[in-house]
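These notes concern the structure reproduced below.
The values are calculated or read from the model by the stated rules, or taken from the named source; none is laboratory data. Keep in mind that what you see is a predicted model, and the values were worked out from it rather than measured. Backbone-built Cβ (ideal geometry, glycine too); neighbour counts: all protein chains shown.
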Amino acid sequence: MKRLATLTYLLLSACLALAGTALAADTVKIGACLSMTGANAPYGQNAQKGLELALSARPTVLGKKVEVAVADNKSDKVEAVNATNRLIQRDQVAAIIGPLSSSNSLAAGPVAEAAGLPLISPWATNPLVTQDKKFIFRVCFVDPFQGQVGANYAFHNLKAKTAAVMVDIAQDYCVGIASFFERAFKQLGGQVLIKTSYSSGDQDFSAQLGAIKAKNPDIIYVPAYFTEGALIARQARELGLKQPMLGGDASQADELIKIGGAAVEGLAFTTHFDENGVTTEAGKKFVAAYRAKYNEAPDSCSALTYDAYNALLDAMEKTKSTQAKALVPALEQTRNFPGVTGVLSIVDHNAVKPAVILQVKDGKFAYVATVKP
Amino acid sequence: MDALQQLINGLTLGSLYALIAIGYTMVYGILRLINFAHGDVLMVGCYLAWFASAQFGLPWWVSLAGSMALTAALGMLIDLGAYRPLRSAPRISALITAIGVSFFLENLGLVIFGGRPKAFARPEIFNELYHWGGLRVLSLSVWVPLITALILAVLLYVLYRTRLGMAMRALSRDLVTVRLMGIDTDRVVAATFAIGSALAAAGGIFWAMKYPQINPLMGIMPGLKAFVAAVLGGIGNVVGAMLGGLLLGLAEILLVAWMPELAGYRDALAFVLLIAFLIFRPQGLLGEKTT
């Protein structure tokens, strides 16, 4: 009986393997591990829009049809691991785009690493995501750079000498960028008067803001995700804090303005992309196509995911292969790639590229400046 | 002055916890069922109110009343579909079913409403900012304790001065005997769920006015915190739930105010308090000692 079972199993797996190769012959499958639901849903849903646009603009590679399998990581670290496993084992993808957030990318990274599959995060900026990893890449800049840009803006443009920093200790992104900002701000001669923490999903920040109010800093640095960022801004204004607020790239979601309302007016932040700061031909085409298809302005997540898709397909075309051992060196040698988010080079698995500063003005994100690395 | 402001912040948060905990504890007190779906019923209530006011432009009090009525119906429906078939099953089965209902509502919410949070408008009357000396108080923060106290008074009246309340209290002692006395226990239980769910909707809507965003998973944390508050006060005791809520809110705010570096552990504080109470005073502040 047991032998029969083994035999059936062998036969079945042989059939499956055959079916797998037959399928692989005419399509190239790419996995996308995105936060389609949960706290980071706006980022994930926009990223998917960017991905769809990229797919319709470039539906084939090496003469084969590209197929994208999207797995929802529910904005959760454990689910990010599950979704990545599902993409690798069930969908048998050639490479993975995503996850977006640093925490989820740090969770999914080792899975891809163990399977020996290239993973490109569009949006994870924490330096640890790619550190000592062979198969993990990103098409965005890293937080030591973003924190520096934020500190420069605070010190030189906002003329701030003192700052308060609020950190979401449940997000690797926030912990990282806050400490890089702090370091850069101190180097410039600024002073961080108080550093308070909270944790993702918190809704009441009155205690932290009360402590900040007592110190009366020149600015408040809040590199928060949009939900917390909007609630912090509202409660800060209600408590009578009038200081300018400065954030990071996670501030860029329409919901920040919808939830924050008048309280987020004037909030500035560093980010990756804005349609008014486009520097490349590809970027102009992307903005036009995105607006035509979705009737809204593209954000950073959609643009970066678009770039991740094209960088991956470029590597496939250059090496005429979809195998990881060919793709990894090709991705490592990406230089002066004309992305929609700017011309970028991948150095040590991280992209070196300009940052954009945006500010909320009249209920919209307004372009302020582009900062070169 | 700062300490006073923090005290006010703590009372605001505490009375929101209390408002949610009252419904939680009432259902427990009568049915001995920890209704883990309470937080998710709260979420549904918020979305109903959001549809009423943001989509149909109804005034806030109409959407509050409408949402409470519909959520009450939802509560009865949940009881009918999920809990009634298990009335004579061991208590643990009903508890597990409650967790199932909770997951069902969360995921249904994700499918129907989508994962992106929605902005919840705060009505003008609750949006005024009072300046008292150096203190700044939102009018909502003044209204919520008053509304909580009012709801508590109405609930106590229903429980101790009406026939329905008498039936509820009797039922909490011994369901089988009450049924033998000729009381339609299913109707009393349905009424309990209706009231509990309507209170969840009210609590959720005021929560959403204070923290103006709603999403399908928004009920989880307030639900858990309200559970902790209910246990602190003595689960099953509605006055205790009010006290427990205020205590928890104050404890959370004061922890962060005095020790800002520990702010990230504020949820942990709530659950450490829960564990401490379960070990040293399992009957809570006002609960009766059971043997």
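Checking B:47, B:83 one by one, the residue that is away from chain A (no Cβ under 14 Å), more than 18 Å from the chain's Cα centre (by Cα), within 23 Å of residue B:224 (Cα to Cα) and surrounded by 20 or more Cβ atoms within 10 Å (Cβ to Cβ) is B:83 and no other.
Of the residues in the stretch A:141-148, at least one is crowded, with 21+ Cβ neighbours inside 10 Å, in a loop (DSSP other than H, G, I, E, B) and within 13 Å of the chain's Cα centre (by Cα). Taken as a whole, the structure places residue A:297 among residues that are modelled with pLDDT under 95, aliphatic (A, V, I, L, M), farther than 15 Å from residue A:357 by Cβ and surrounded by fewer than 17 Cβ atoms within 10 Å (Cβ to Cβ).
What residue, of A:108, A:124, A:112, is at pLDDT 95 or above and either in the same structural domain as residue A:170 (by TED's automatic domain parsing) or outside any helix (DSSP H, G or I) (or both)?
That would be A:124, the only listed residue that is at pLDDT 95 or above and either in the same structural domain as residue A:170 (by TED's automatic domain parsing) or outside any helix (DSSP H, G or I) (or both).
Summed over the stretch B:1-19, the residues that are buried (at least 24 other Cβ atoms within 10 Å of the Cβ) and either hydrophobic (A, V, I, L, M, F, W, C) or outside any helix (DSSP H, G or I) (or both) give a count of 4. Would you confirm whether or not the stretch B:99-122 contains a residue that is surrounded by 22 or more Cβ atoms within 10 Å (Cβ to Cβ), away from chain A (no Cβ under 14 Å) and in a loop (DSSP other than H, G, I, E, B)? No, that holds for no residue. Within the set of pairs 6+ apart or on separate chains, which have a first residue in the stretch B:158-179 that is at negative phi, a second that is assigned to a loop (DSSP other than H, G, I, E, B) and surrounded by 15 or more Cβ atoms within 10 Å (Cβ to Cβ), and C-beta atoms under 7 Å apart? Pairs found: B:167/B:183. Annotation note: Cβ proximity below 7 Å between a residue of the stretch B:35-58 that is assigned to a loop (DSSP other than H, G, I, E, B) and a residue that is polar (S, T, N, Q) (sequence gap 6+ or interchain) occurs for B:36/B:102; B:37/B:102.
Condition check ((1) touching a strand residue (DSSP E or B) at 6+ places or on another chain (Cβ under 8 Å); (2) within 8 Å of chain B (Cβ to nearest Cβ); (3) among the charged types (D, E, K, R); (4) within 21 Å of residue A:40 (Cβ to Cβ)) across all residues:
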| residue | (1), (2), (3), (4) |
| --- | --- |
| A:236 | yes, no, no, no |
| A:251 | yes, no, no, yes |
| A:256 | yes, no, no, yes |
| A:259 | yes, yes, no, yes |
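Hey, any hits in the stretch B:210-225 for a residue that's under 18 Å from the mean Cα position of the chain (by Cα), aromatic (Phe, Trp, Tyr) and under 19 Å from residue B:145 (Cβ atoms)? The answer is yes, given that some residue of the stretch B:210-225 is under 18 Å from the mean Cα position of the chain (by Cα), aromatic (Phe, Trp, Tyr) and under 19 Å from residue B:145 (Cβ atoms). Quick check: anything in the stretch A:46-67 buried (at least 18 other Cβ atoms within 10 Å of the Cβ), in the same structural domain as residue A:312 (by TED's automatic domain parsing) and either modelled with pLDDT under 90 or farther than 30 Å from residue A:293 by Cα (or both)? No, every residue in the stretch A:46-67 fails to be buried (at least 18 other Cβ atoms within 10 Å of the Cβ), in the same structural domain as residue A:312 (by TED's automatic domain parsing) and either modelled with pLDDT under 90 or farther than 30 Å from residue A:293 by Cα (or both).
Can we say residue B:75 is at pLDDT 90 or above and touching a Gly at 6+ places or on another chain (Cβ under 7 Å)?
Yes: the conditions hold for residue B:75.
Residues in the stretch A:177-233 that are within 23 Å of residue B:267 (Cα to Cα) and among the β-branched types (Val, Ile, Thr): 6 in all. Checked against (1) within 14 Å of another protein chain (Cβ to nearest Cβ); (2) modelled with pLDDT under 95, residue B:32 passes all but condition (1).
Checking each residue in the stretch A:163-217 for being more than 8 Å from chain B (Cβ to nearest Cβ) and more than 28 Å from the chain's Cα centre (by Cα) picks out A:189, A:190, A:191, A:193, A:212, A:215, A:216, A:217. Of the residues examined, residue B:196 is one that is touching a residue at least 12 places away in the same chain (Cβ under 8 Å) and not polar (S, T, N, Q).
Could you say which residue among A:348, A:307 is touching a residue at least 60 places away in the same chain (Cβ under 8 Å), out of contact with any helix residue (DSSP H, G or I) (no Cβ under 8 Å at 6 or more places or on another chain) and at positive phi?
Only one candidate passes the filter, namely A:348.
Can you go through B:144, B:137 and tell me which one is part of a helix (DSSP H, G or I) and within 14 Å of another protein chain (Cβ to nearest Cβ)? Every option except B:144 fails the conditions. Take the conditions (1) at pLDDT below 90; (2) in contact with a Lys or Arg (Cβ under 8 Å, 6 or more places away or on another chain); residue B:136 misses just one of them, which is (2). Which one is nearest to residue B:121 (Cα to Cα), of the residues in the stretch B:143-158 that are over 16 Å from the mean Cα position of the chain (by Cα) and surrounded by 15 or more Cβ atoms within 10 Å (Cβ to Cβ)? Among those that are over 16 Å from the mean Cα position of the chain (by Cα) and surrounded by 15 or more Cβ atoms within 10 Å (Cβ to Cβ), it is B:143.
Can you tell me which residues in the stretch B:244-291 are among the charged types (D, E, K, R) and out of contact with any Lys or Arg (no Cβ under 9 Å at 6 or more places or on another chain)? Residues satisfying the conditions are B:266, B:281, B:288, B:289.
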